[in-house]
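Structure record follows, encoded as structure tokens.
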Amino acid sequence: MGKKIFVSYKYADKHVQYIEHDDDDATTPRHYVDYLQSKLDKEDHINKGEKDGEDLSDFADETIWSKLRDKIYDSSVTIVLISSGMKESGKSEKDQWIPWEISYSLREPDRDDRKSLCNAVLAVVLPDENGSYDYAIETCNQCSSKCNIWHTNRLFWILRKNMFNQYVKTDKDCQKGDDVYLGWPSYIHMVRWETFIGNINSWISKAEAIQNNKEDYDIKVNMPDDI
């Protein structure tokens, strides 16, 4: 049975590595969405997020929800495409699409006498224009285990608050002196595009396995007013 997947991404971000596409436009995350769709099983269905950078600043919460609910309500998996220019500087996070799309993906609203469950959510990091992932995930070369450093401070609030949010974490000491978390300590796991695209179904299954154990995580659904 096919999956219904909602993909959240920053449409206008051109700070991504070139990927082959049919039009003459600069590569954006939307081209990665199209490529992902071509790799999914025919039964799988993608709902896309932002299309044209529509300004949210004058919208009430209920208006935003009305624009998103039909796309997100019937989906069970949300894939967030992380790109180096996805955050608009000088604009409140509550006036940008991606945080809202994540927030509603995590909610469990009642509709038509049926409850929509919290989606499985996977963050997929796209390479920047230089082909690097280091802005979001960096390999620690000072550690023999080559552990990954997640730069969560560069992400939206609702993303970073749902990472490393497992109530009971398993960790060990890195040779660099930091904690290394083992297993799946984040409700929203982050993975590089090249790793994800080579084994899509496996990574979606991992996100769904985390979702099946959501009670193990301190999931933050609502954004604070001051972001």
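Here are a few things to note about the model shown:
- Excluding the site residues themselves, the longest part of the chain lacking any GluC sites (Glu not before Pro) in a DSSP loop with at most 13 other Cβ atoms within 10 Å is 55-227.
- The distance between label points at residue 43 and residue 70 comes to 2.6 nm (points 7 Å beyond Cα on the Cα→Cβ vector).
- Over 19 Å (Cα to Cα) - which of 87/214; 4/67; 71/206 fall in this group: 87/214; 71/206
- Dipole magnitude for the chain: about 700 debye, using +1 per Lys or Arg Cβ and -1 per Asp or Glu Cβ, origin at the Cα centre.
- Cα-based Kirkwood hydrodynamic radius, the chain, one decimal, Å: 18.3
- Rounded accessible area per residue of the chain, 1.4 Å, Å²: 52
The values are calculated or read from the model by the stated rules, or taken from the named source; none is laboratory data. Computed from a prediction, not measured in an experiment: that's the story for all the values here. Note: ideal-geometry Cβ built from the backbone for every residue, glycine included; neighbour counts use all protein chains shown. Areas reflect the complete protein model, heavy atoms only, side chains present, ligands, DNA and RNA absent. Shrake-Rupley method; radii C 1.70, N 1.55, O 1.52, S 1.80 Å.
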